[in-house]
Amino acid sequence: MSVETTQTSSTALEPAIPETGKGDLLRRLVMTLGPILAALVIAGCILLAVGVDPLAYYGFVIERGLLSPLGVQQTLTRMAPLLFLAAGLIVAFRAGMWNLGGDGQFLLGAVSAAAAGPFLVQFLPTWLALVCAFLLATAVAMLWSLLPALLRAYQGVNEIITTLMMTFLGTSLANVLVKLAFLDPSTTVPQTRTLPVEDRLPRLFDTTISSGLLLGLVAIIAVHLVMTRTAFGLKLQVVGANPRAAVHSGLGVPTLTIAVFAISAGLAGLAGAVDILGVQGNVRADWNPAYGMAVIPMVFLARMNGFAAIGFVFLLSILSIGGESAARRLGVPHHFTLVLVSIVLITLAIAEYIDHHFIKTRRV
Amino acid sequence: MTGLFDEVFLAALLFGAVTAAVPLLLAGLGEQMSEKAGVLNIGIEGMMILGAYLGFLGAYYSGSLWLGFLAGALGGMAVAAVMALLCVRLGLNQIVIGIALTLGLEGLTALLHHFQFSRSYPRLPAADKTAIPLLADIPVLGPALFQHHLVVYFAVALVFVMIYIYRRTQLGLNLQAAGDKPAALDVAGIDVIRTRTIAVLTTGALAGLGGAYLANVGAGIFIPFITNGAGFLGIVLAMLARGRPLWVLFGALLFGVCLSLTTAMQVAGINMPTDIIQMLPFLAVMIMLVLFGRKASLPAALGMPYERGAR
């Protein structure tokens, strides 16, 4: 079952329509890889301009992020929070709601998990403590999205602005919580108490990969199936495609809006929890990896398709882990990853335009 | 709490409020024009950050603040030109491109800053102030409001220029139509794409100028991510002002007071973590959105690319 969604607001970057035939798949592949290559070239020129050898940079990124055994395990572990964030964004974007507050929701989820985890393991079995921490992180992140959800549902206030404002607030609030409420008294570094390594999410087999990766994969596949295979998902897609039509077909748009925000924010909160309970163990003051903003372009590149998003999250993860290492070795700040991602996004949008306006019309 | 209300402190607080308000005012006025014409310009944060970077660079290397402002405005306009090409002419998704431009330029300016200034962090000399005769002699209010850099007076004058444009000129009418009923404008024989391009370019120039002011006069230095959401605050101002430039001015001043209070409280040594104080302006935005959000009306065709003949 598929829904032909004709977005009113845009011609480009529509949700994926299932491919038919081999030629279509090939075209999709060219239309995705072409822009990425173009972006790598343009970004390479920027590196050249600041006096860094782009081939050396990309070489380090690939070596560390993909080829070295330790690096690839880090890459796979890093995917866990990114997958949860991507899952949350897929729900929101497919329903036509621009939840750009992922970073605030992520951090508040992370802080909640970091506060609850080490406290609860003292008198609960580890598995139960972890489950409770996950639930708390989800609930707190959901709560953080309630105000933008209500404003959008009942007042029609643009959610882009409100979620962005809430993300600025959430980042500061997370810091306040770390510094004032959950400060670890036993260290001089301002950070929360640390969850002992043996109480964290188990690692997979004999590797250092956190089992959070599996949770993330389950989350994004579940979201994909719910959005494409269930009545609830169909309803959300209708709301996203044409809210007015959704009202006329008897859907409770305000309730669905609040549900979308809750699911989307809850998944962002889980992303924070999975990073803390699986990898970090605590939250340091002023810690903000800003994963949310970097994942948004990936979800677009994947055309809001869950399976494609897994691939792009893997790519972002390589860039992020490899970029950190290349940054140390070549002295390029990790902000370069932002530049690369944004150029990919723009070249992809242009490719989509060319595809839409020249190639399709020629075939018709 | 001693001295919170003494004259010098109050004057400094108000002076800081005006300084903080000017970038928001410029961004808000610019965004208002884009939104009137039907373009939701999320890339404004990117335009501001490039304006701040180039503005600082221009002023630092030329030694002239004015060349800095020019460079900042041109930088903002260059970003706007990309946005106009991709979103207005090609009709690509305005939100996607806006986010991409903001992210990319934040990253790029941080990258360039790292290679150029991360070891020295050079500062600009304090900006020249122009006192308005007579008015500047009023106690407290004089030094707070009427002894500023010329760009401040320009920004305030711009409010009235905008009012004139929207109320009395053909261009104002065209902009309004481009946002509310682009097809009607097209039928009237006026190029929708061109009208919207003018609006977006103006936004870019104003946002770039605002960014340059923020770096050159407000801070005297460029640091990565210096705009810290000022562009987004500009979008909020434009939304709440419902197309009225004067409201952008009042809103900008209100946020300016919040931002100035943030620094003033830190200077006054009030014992509160900076993180809490930094939340103030954004809290103010949320409260205003809760109170007045329902009335924030936006043009009918906002965010939709115009394609002739398309339904």
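Nothing in this text is a laboratory measurement; each read-out follows from the coordinates by a stated rule. Quick caveat, the model's predicted, so the values are computed rather than measured. Positions of Cβ are backbone-derived with ideal geometry, glycine not excepted, and every protein chain shown enters the neighbour counts.
Data for the structure
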quantity: Charged-residue dipole, Cβ positions (Lys, Arg, Asp, Glu), the protein assembly as shown about Cα centre, Debye nearest 20; calculated: 1280
quantity: Peptide-level mean, for A:230-237, of C-beta atoms on other protein chains within 10 Å; calculated: 0
quantity: Sequence-distant aspartates and glutamates (8 or more away, or on other chains) whose Cα lies within less than 14 Å of A:Lys179; calculated: A:Asp286, B:Asp275
quantity: Value of relative contact order over chain A, rounded to a whole percent, pairs C-alpha under 8 Å and six or more apart; calculated: 35
quantity: For A:Phe182, net neighbour charge (Lys/Arg +1, Asp/Glu -1) across residues whose Cβ lies under 12 Å away; calculated: +2
quantity: Sites B:Val267 and A:Ser249, calculated FRET efficiency, Cβ-Cβ separation with R0 41 Å, nearest 0.05; calculated: 0.10
quantity: Cα long-axis angle, helix B:192-213 against chain B (0 to 90 degrees, to the nearest 10); calculated: 10
quantity: Magnitude of the charge dipole, segment A:80-313, Cβ model with Lys/Arg +1 and Asp/Glu -1, debye to 20; calculated: 560
quantity: Shape call, segment A:80-313: gyration tensor on alpha carbons, a/c limit 1.5; calculated: prolate
quantity: Distance cut-off 45 Å, percentage of C-alpha pairs in the protein assembly as shown lying past it; calculated: 18
quantity: Full-stretch length increase - B:Ala219, B:Leu85 - with 0.36 nm per residue and alpha-carbon distance subtracted; calculated: 45.0 nm
quantity: Given charges at Cβ of Lys, Arg, Asp, Glu: chain B dipole, positive-most of B:Gly38, B:Ile287, B:Leu13; calculated: B:Gly38
quantity: With Cα atoms, 0 to 90° folded angle of helix B:274-292 axis to chain B main axis; calculated: 40
quantity: Crossing angle, helix B:230-241 versus chain B [Cα axis fit, 0-90 degrees, rounded to tens]; calculated: 60
quantity: Selection from B:Leu92, B:Gly218, B:Phe115 lying farthest towards where the dipole of chain B points positive, charges on Cβ; calculated: B:Leu92
quantity: Other-chain or far-sequence residues with amide H under 5 Å of A:Leu100's (modelled H); calculated: A:Thr163, A:Leu164
quantity: Gyration tensor (alpha-carbon) shape descriptor, segment B:128-228, a/c threshold 1.5; calculated: oblate
quantity: Value at 222 nm in deg cm²/dmol, rounded to 500, when DSSP H runs of n ≥ 4 in chain A each add -39,500 (n - 2.57); calculated: -22000 deg cm²/dmol
quantity: Most positive-pole-ward Cα, A:Gly88, B:Ile190, B:Gly104, against dipole of the protein assembly as shown from beta carbon charges; calculated: B:Ile190
quantity: Virtual spin-label span in nm between B:Leu246 and A:Arg203, 7 Å along Cα→Cβ; calculated: 6.8
quantity: Net charge dipole size for chain B [Lys, Arg +1 and Asp, Glu -1 on Cβ; Debye, nearest 20]; calculated: 760
quantity: Neighbour net charge for A:Leu319 - beta-carbon separation under 12 angstrom, K R +1, D E -1; calculated: +1
quantity: Estimated FRET transfer efficiency (B:Thr274, B:Asp128; beta-carbon r; R0 30 Å; 0.05); calculated: 0.50
quantity: Gyration tensor verdict on segment B:172-271 (Cα atoms; rounded if a/c is under 1.5, prolate if a/b is larger than b/c, oblate otherwise); calculated: prolate
